[in-house]
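Trainee: There's a structure below that I have some questions on.
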Amino acid sequence: MNFPVWELEMGTPLLIAIVAILHVYVSHFAIGGGLFLVVMEHYANRKDDRHLRNYLITHSRFFALVTLVFGAISGVGIWFVIGLSSPAATSSLIHLFVWVWAIEWALFIVEIAAAIVYYMTWDRVSRRTHLAVGWVYFIAAFLSLVVINGILAFMLTPGEWLASGNFWDAFFNPTYWPSTLARTAICIGLAGIYALFTGVFVKHAATRARIIRLAGLWALAGTILAVPALYWYHGLLPAGAAELFAGGMPAAALAARVLVWGGIALAVILLAPIIFPKNFGPGSAITFALVALTLFGASEWIRESVRKPWVIVDYMYGNGLRPAEAEAMSTGDGILANAVWVQERPAAATTATGREIFRLACRSCHTLDGYRGLTDRLGGLDEDYIYESVARLEHMVGAMPAFPGSDVERRALARYLAQESGTTLPMLDGAEVFSKRCGFCHSQSGFRALDGSLEGYAHDELLELFPELAEMIEEMPPWSGTEDEARMLADFIQSWYAVAGEEEEN
Ligand code: HEC
Ligand code: HEC
């Protein structure tokens with residue numbers, strides 16, 4: 001709590017996701033595309049193929065523009081955004097990996113210089129020299145991946161480092177090798193995908209077909225190599241990840257399904273440019289690029305999601321607090337007493353205090369009514385219920401850290417959120433009551449499913465059950481709904497079985 005809070009309207013997680021995903025699209029192409037260029041140049045030289053060389057010259061212009069200009073800007077963009085939105089985590093990573101960052105920047109300078117020389121010196125220096133420059137570029141680019149990936153993998157699986165504090169344990173952490181392999185595969189695949197895109201514009205028909213076939217082979221090779229790498233990686237994810245995939249984080253579970261089925265589909269459709277290169281036009285190239293980039297984006301999204309509630313697993317929560325700090329705050333004098341950049345102090349159960357608490361404890365992941373907005377989800381709930389729910393964040397979907405504040409801060413937050421969300425809005429139907437009073441922690445048949453345990457309850461038995469539940473299970477907030485809400489909820493729960501019964505009869 002030593003840093004100011006950046007209250008971005010759209011929500012910083014969304015901005016980070018956008019900038020980071022655009023950046024990885026380009027940074028991985030910068031590596032795979034570099035390899036593609038030098039390998040193809042070798043091949044063109046050996047066959048003395050003028051047409052292929054001409055294509056490579058054009059492709060290298062596209063390559064230089066995309067990687068140097070967009071890659072550099074988005075890379076700086078990431079620093080800017082993570083520094084402002086997660087200053088505590090960024091500071092930890094800089095302190096731990098200071099030499100790694102320095103090496104990465106040195107490599108990046110070599111990369112830029114080599115890429116510019118490579119692009120400018122086609123047919124101006126000997127073929128040998130030109131190729132040598134290309135290799136310098138590729139090796140520097142690949143090494144920058146090898147280096148940066150240590151930090152990215154560390155955030156998800158810090159492994160032995162947590163106990164030893166040893167730099168090498170942090171760098172060569174449990175997912176280091178599988179993720180390096182997976183990223184290398186993705187680099188190769190993306191090189192093919194982008195080359196399909198530039199290949200379709202080649203005028204000479206025979207060359208065009210040859211490039212499309214070769215590019216298709218690169219893309220397919222990368223996709224196939226990614227499968228064992230991701231499978232290996234998946235097996236090493238932190239323990240909580242399986243629960244998130246099982247529905248604890250609906251968006252991650254969906255992304256995982258998209259990734260698996262989409263990957264299979266991509267491998268199959270990539271046979272098209274390989275077998276029928278002549279029929280492959282710009283429309284197909286764009287479609288293939290969209291599919292591949294969506295899948296790659298999904299895999300990055302998943303990596304970020306399964307890290308929750310942590311920003312560095314088992315070391316720092318997404319809200320920037322270390323577990324010991326959070327514990328000391330919630331059992332001691334609370335958040336505000338320990339936060340540097342606040343206006344409201346000492347804490348009182350007012351909405352002004354609640355707003356400060358929201359900024360400090362929730363704003364790193366939620367907005368009020370934009371990305372992961374809370375007002376929609378809380379609208380219609382009473383202040384007491386929100387107060388009780390905040391005490392149980394760690395049991396809800398989304399793998400949230402426990403609330404780090406004191407009791408009066410929790411009351412203030414509930415008051416503020418209730419005011420912003422509108423407690424007087426009546427709930428429309430049983431589905432809404434379920435989603436707001438049970439759905440933060442349960443679903444009908446997915447995550448912590450209720451359809452099994454509530455089957456066979458009569459309507460009035462359900463009405464009796466709701467107020468008793470919290471007495472039996474302390475993870476559940478006490479029932480505080482109105483009689484109307486209870487009736488709607490009971491109707492809704494019974495409708496699950498009514499539908500199933502009708503289906504059986506049919
Ligand atoms: C580390 C990130 C993080 C922090 C910090 C965090 N949340 Fe969450 N929260 C999530 C995620 C992720 C979800 C799941 C929502 C989704 O997948 O759309 C969630 C879900 C919720 C839900 C349930 C919504 C639903 O759709 O079922 C509520 C209510 C909520 N959060 C309130 C809070 C409050 C209040 C705070 C601050 C005290 C807070 N959260 C802090 C990440 C966080
Ligand atoms: C803040 C989270 C939370 C909320 C909100 C919540 N529950 Fe639960 N509930 C739990 C947890 C945790 C358990 C323990 C069982 C488990 O771990 O699967 C549980 C258990 C139960 C059980 C026991 C049997 C079973 O299937 O596990 C029932 C029945 C149940 N909940 C119904 C409800 C209903 C109905 C609502 C809405 C009125 C509700 N719960 C709201 C967290 C919650």
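Trainee: May I ask you to order 177-183, 103-109, 253-259 by the average number of other C-beta atoms within 10 Å around their residues, highest value first?
Mentor: On the way: 177-183: 20.9, 103-109: 15.4, 253-259: 18.4.
Ranked from most to least packed, the peptides come out as 177-183, 253-259, 103-109.
Trainee: Under a no-solvent Debye model with one identical scatterer per Cα of the chain, what's log10 I(q)/I(0) at q = 0.08, 0.09, 0.10 Å⁻¹?
Mentor: Ignoring solvent entirely, the Cα scatterers give -0.62, -0.75, -0.88.
Trainee: Give me the number: length gained by fully extending Y497 to M120, i.e. 0.36 nm times residue separation minus the C-alpha to C-alpha distance, one decimal in nm. Each step should come with its number before you reach the end.
Mentor: On the way: separation 377, 0.36 × 377 = 135.72 nm, distance 7.02 nm.
Gain on extension, Y497 to M120, equals 128.7 nm.
Trainee: Take peptides 397-407, 317-327 and line them up by average Cβ neighbours within 10 Å, highest first, as a rough protection proxy.
Mentor: Details: 397-407: 20.5, 317-327: 18.3.
In descending order of packing, they fall as 397-407, 317-327.
Trainee: For a quick protection proxy, order the peptides 456-462, 23-29 by their average other-Cβ count within 10 Å, most packed first.
Mentor: On the way: 456-462: 11.7, 23-29: 23.0.
Sorting 456-462, 23-29 by mean packing, highest first, produces 23-29, 456-462.
Trainee: I would also like to ask the following. Under a straight-distance cross-link criterion of Cα-Cα below 18 Å, which aspartates and glutamates are reachable from K203, leaving out those fewer than 8 residues away in the same chain?
Mentor: D49
Trainee: Angle check, please: helix 250-269 long axis (alpha carbons) against the longest principal axis of the chain (alpha carbons), in degrees 0 to 90, nearest 10.
Mentor: 30
Trainee: For a label point 7 Å from the Cα of T331 along Cα→C-beta, name the residues of region 353-396 whose backbone N is under 11 Å from it.
Mentor: In region 353-396, the label zone of T331 (backbone N under 11 Å from the point 7 Å along Cα→Cβ) covers no residue.
Trainee: Using θ = phi - 60° and the Karplus curve 6.51 cos²θ - 1.76 cosθ + 1.60, what whole-Hz ³J(HN,Hα) does each residue of region 95-111 get, with Gly and Pro shown as x?
Mentor: Per-residue couplings from phi come out as 5, 6, 10, 4, 6, 5, 4, 4, 5, 4, 5, 4, 4, 5, 5, 4, 4 Hz.
Trainee: Right, something else. In what order do T184, T424, T350 fall by count of nearby beta-carbon atoms within 10 Å, going from fewest to most? It would help to have the intermediate numbers written out before the result.
Mentor: Working: T184 22, T424 8, T350 15.
Starting with the residue having the fewest Cβ neighbours, the order is T424, T350, T184.
Trainee: Additional query: Let me test this: with uniform point scatterers at the alpha carbons of region 429-506, what is the Debye-based log₁₀ I(q)/I(0) at q = 0.15, 0.20, 0.24, 0.26 1/Å?
Mentor: Taken in order of the listed q values, log10 I(q)/I(0) reads -0.50, -0.90, -1.30, -1.51.
Trainee: Let me ask another. What is the ratio of the Cα radius of gyration of region 1-140 to 2.2 N^0.38 Å, where N is its residue count, to two decimals?
Mentor: On the way: Rg = 18.7 Å, N = 140, 2.2 N^0.38 = 14.4 Å.
Normalised Rg, Cα atoms only: 1.30.
Trainee: Using a 10 Å cut-off around each Cβ, can you sort K308, K278 from fewest to most neighbouring Cβ atoms? Numbers along the way, then the final one.
Mentor: Values: K308 21, K278 12.
Taking fewest neighbouring Cβ atoms as first place, the list is K278, K308.
Trainee: Give me S92, S435 ranked fewest to most by other Cβ atoms within 10 Å of their Cβ, as a rough exposure proxy. Intermediate results must be reported in sequence, preceding the final value.
Mentor: Values: S92 18, S435 15.
Listed from fewest to most nearby Cβ atoms, that is S435, S92.
Trainee: What GluC sites (Glu not before Pro) in region 6-71 are in a loop by DSSP, with at most 16 other Cβ atoms within 10 Å of the Cβ? Intermediate results must be reported in sequence, preceding the final value.
Mentor: Details: sites: E7, E9, E41; in loops: E7, E9.
For GluC sites (Glu not before Pro) across region 6-71 that sit outside H, G, I, E and B with at most 16 neighbouring Cβ atoms in 10 Å, the list reads E7, E9.
Trainee: Still on this structure, please answer the following. Could you check the simple spin-label distance between W168 and I473, using points 7 Å along Cα→Cβ, in nm with one decimal?
Mentor: Rounded to a tenth, the inter-label distance reads 4.8 nm.
Throughout, read-outs are computed from the coordinates displayed, never taken from laboratory work. Bear in mind the structure is a predicted one, so any value in this text is a computation, not a measurement. Note: ideal-geometry Cβ built from the backbone for every residue, glycine included; neighbour counts use all protein chains shown.
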